[in-house]
Amino acid sequence: MKSWKSYKKTFRDQPDIFDYARQGDLRGLANLFTEQPSIDLNAKNHRGYSALMLAVYNGQDDFCEALLRCGADVNSTDSVGNTLLMSAAFKGNLTLLKLLLQYDASVTLENRSKMTVKDWAVMFKRSEIISYLDQHYGNQNRSSKFHSIIKFIRLALILCKTKLSPQAA
């Protein structure tokens, strides 16, 4: 159990860009830009997620667009290489997927287990995403459910190994 002193060090009295991203709080983002004009939009939190990744994951379309317009990296990844497109595909959010693609997100990037955005869509049966990718980017990545499951299991093993290694602490 942590001591009170170490716990107190983790307590924040003001929300940060990651809190605003989760909530889609555009007013908070505007205030943050006023207070910290040189804020790093691509900074990552303690779990390795950028504000844009959190906004995508939480379906905050307007917040995502605001960050993208301000120059956030559309191809940023988390600690295992999952991209923003993969998050949108996982969530089945076609609107956000299209927005990210408008800002030149790459459909060919792979995470550490060689999963692509199409693999994520296949794995979680996101038929709208699969159809859109096939229609606009061809059927170049012929992901089968079986291969997607194998890659997903490999990713889970990578995550477990990362969390168990002494370097991860």
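Values for this structure:
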{"item": "Cross-chain or 6+ apart pairs with Cβ under 8 Å, region 87-108 first and under 13 Å from TRP120 (Cβ atoms) and touching a residue at least 24 places away in the same chain (Cβ under 8 Å), then part of a loop (DSSP other than H, G, I, E, B) and basic (Lys, Arg)", "result": "ALA89/ARG126; PHE90/ARG126; GLY92/ARG126"}
{"item": "Residue satisfying condition, being assigned to a helix (DSSP H, G or I) and at pLDDT below 95, within set LYS118, LYS114", "result": "LYS118"}
{"item": "Close pairs from region 18-44: first more than 17 Å from VAL74 (Cα to Cα) and in contact (Cβ under 8 Å) with a residue 40 or more places away in the chain, partner surrounded by fewer than 17 Cβ atoms within 10 Å (Cβ to Cβ) and acidic (Asp, Glu), Cβ under 7 Å, at least 6 apart", "result": "LEU26/ASP62"}
{"item": "Subset of region 104-128 (residues that are farther than 15 Å from LYS151 by Cβ, under 16 Å from the mean Cα position of the chain (by Cα) and crowded, with 18+ Cβ neighbours inside 10 Å)", "result": "ALA105, VAL107"}
{"item": "Hits in region 26-38 - residues which are over 16 Å from ARG69 (Cβ atoms) and surrounded by 13 or more Cβ atoms within 10 Å (Cβ to Cβ)", "result": "GLY28, ASN31"}
{"item": "Condition check for ASP73: more than 18 Å from ILE129 (Cα to Cα) and in contact with a helix residue (DSSP H, G or I) (Cβ under 8 Å, 6 or more places away or on another chain)", "result": "yes"}
{"item": "Any pair with Cβ under 8 angstrom, 6 or more apart, that starts in region 124-138 at a residue that is basic (Lys, Arg) and ends at one that is outside any loop (DSSP other than H, G, I, E, B)", "result": "ARG126/ALA89; ARG126/PHE90; ARG126/TRP120"}
{"item": "Hits in region 10-41 (condition: hydroxyl-bearing (Ser, Thr, Tyr) and either part of a loop (DSSP other than H, G, I, E, B) or under 18 Å from the mean Cα position of the chain (by Cα) (or both))", "result": "TYR20, SER38"}
{"item": "Residue in region 83-90 that is surrounded by fewer than 15 Cβ atoms within 10 Å (Cβ to Cβ), out of contact with any His (no Cβ under 9 Å at 6 or more places or on another chain) and modelled with pLDDT of 95 or more present", "result": "no"}
{"item": "The lone exception for GLN102 - which of (1) out of contact with any Gly (no Cβ under 9 Å at 6 or more places or on another chain); (2) within 24 Å of ILE153 (Cβ to Cβ) it fails", "result": "(2)"}
{"item": "Residues located in region 61-81, provided they are polar (S, T, N, Q) and either buried (at least 24 other Cβ atoms within 10 Å of the Cβ) or in a helix (DSSP H, G or I) (or both)", "result": "none"}
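The values are calculated or read from the model by the stated rules, or taken from the named source; none is laboratory data. Keep in mind that this is a model prediction, so the values were computed, not measured. Methodologically, a virtual Cβ is constructed for each residue, glycine included, from the backbone with ideal geometry; neighbour enumeration extends over all protein chains shown.
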